[in-house]
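Okay, so here's the structure we're looking at.
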Ligand SMILES: C[S@@+](CC[C@H](N)C(=O)[O-])C[C@H]1O[C@@H](n2cnc3c(N)ncnc32)[C@H](O)[C@@H]1O
């Protein structure tokens, strides 16, 4: 099946379940689907915390769990599964190419380099930071490399690292959003974790210029999307808001128990404030700006005071802060339980977004492959789009 066709099938599947993945339980105390599927909602709200945590962290497990209630949802799983990319063995380049690269980052770069097949072209490392990927591929492929990044300090460090490794590696300080003209048919574009519009610009610009090869591992799909996602390829019916797209990248696989507890506490306090505001104003949910991390370092009462000042909420002369903290924790547990159904579709939305890029490239005459270049424990943004023509 061509990827464009797969995208259209996933499009239909996701549209059918929109009522489950679009509403945000953080904002809506009981999303409308709770009335349509009361047994599902009741079972989720009664699950032990440990099970909820596991299901929220593992999209495959939450989709399998959901498919027990709604068997049709199981079909989404089949459309979302992707093969692992074929990986070549990397030559032994000695210890020096990887100076200063933290372990996890190095492992991601090596996995990407093992999965991206050489095309005989020069490497163009799009949003390459210090150019680690460009440097590795230049050594591995025996090719010249160019890395482009907006940050002059990263480029300067990259230049030094390239010199130390003896690599023919040029650095361009430029805004990738306006740098399409830097690409030409002598380049093979690689982009590891260029966010949102940055990877979309690379794909559009490479396809317009008919480049022979590109390998892109996308991330932060929501960056550069104002309100609604505008698909690159024609024919899709799915409407994705910025918040829907954010859902695709909310998965974390690296949280320690302490970080996980803090994440829960932060959410509980925000929900405690939301409960208080609802009680004072009689209104429903109102969004608020990101909360400075320092506001969580004092007591709940201090947190409420800071939030009320910033949000212009007139607090009653006396109220029971402990009660609103308790309500916050209660709602946090409910939000996590009800979120299992959203998270069941998280990977499907990510794959749909990647398939949109793939379909755009296929319509431009490319042979396109989509697979995973590393296990999700190394990075959940592990999709690799490889296009050749
Ligand atoms: C997540 S990092 C990835 C860096 C590198 N590809 C890697 O995997 O190590 C994203 C990079 O994009 C760069 N960046 C952000 N906005 C940019 C823009 N408008 N133009 C070019 N580079 C940009 C950042 O400076 C950063 O180095």
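The values are calculated or read from the model by the stated rules, or taken from the named source; none is laboratory data. Keep in mind it's a predicted model, so treat the numbers as computed, not measured. Methodologically, a virtual Cβ is constructed for each residue, glycine included, from the backbone with ideal geometry; neighbour enumeration extends over all protein chains shown.
A few comments on the model shown:
- The set of residues in region 162-189 that are over 22 Å from residue 366 (Cβ atoms) and away from the ligand (no atom under 12 Å from the Cβ) comprises 162, 163, 164, 165, 166, 167, 168, 169, 170.
- Test: residue 146 is in a helix (DSSP H, G or I) and either within 8 Å of the ligand (Cβ to nearest atom) or at pLDDT 95 or above (or both): no
- So residue 350, is it under 30 Å from residue 51 (Cβ atoms) and touching a residue at least 60 places away in the same chain (Cβ under 8 Å): yes
- Within the span defined as region 267-289, every residue fails to be in contact with a strand residue (DSSP E or B) (Cβ under 8 Å, 6 or more places away or on another chain) and either surrounded by 14 or more Cβ atoms within 10 Å (Cβ to Cβ) or farther than 19 Å from residue 55 by Cα (or both).
- Checking region 110-119 against the condition returns no match, with no residue being over 29 Å from residue 380 (Cβ atoms), assigned to a helix (DSSP H, G or I) and within 14 Å of the ligand (Cβ to nearest atom).
- Restricting attention to region 190-215, the residues that are surrounded by 24 or more Cβ atoms within 10 Å (Cβ to Cβ), within 16 Å of the ligand (Cβ to nearest atom) and closer than 14 Å to residue 366 by Cα add up to 4.
Yes/no matrix, rows are residues, columns are (1) over 22 Å from residue 213 (Cβ atoms); (2) crowded, with 18+ Cβ neighbours inside 10 Å:
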| position | (1), (2) |
| --- | --- |
| 296 | yes, no |
| 301 | yes, no |
| 305 | yes, no |
| 315 | yes, no |
| 343 | yes, yes |
| 358 | no, yes |
| 371 | no, no |
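- Listed here are the helices (runs of 4 or more DSSP H) enclosed by region 1-95 that have at least 2 residues being over 30 Å from residue 358 (Cα atoms): 33-36, 38-46, 49-57, 59-69.
- Residue tally, condition touching a helix residue (DSSP H, G or I) at 6+ places or on another chain (Cβ under 9 Å), more than 30 Å from residue 51 (Cα to Cα) and not in a helix (DSSP H, G or I), over region 299-319: 5
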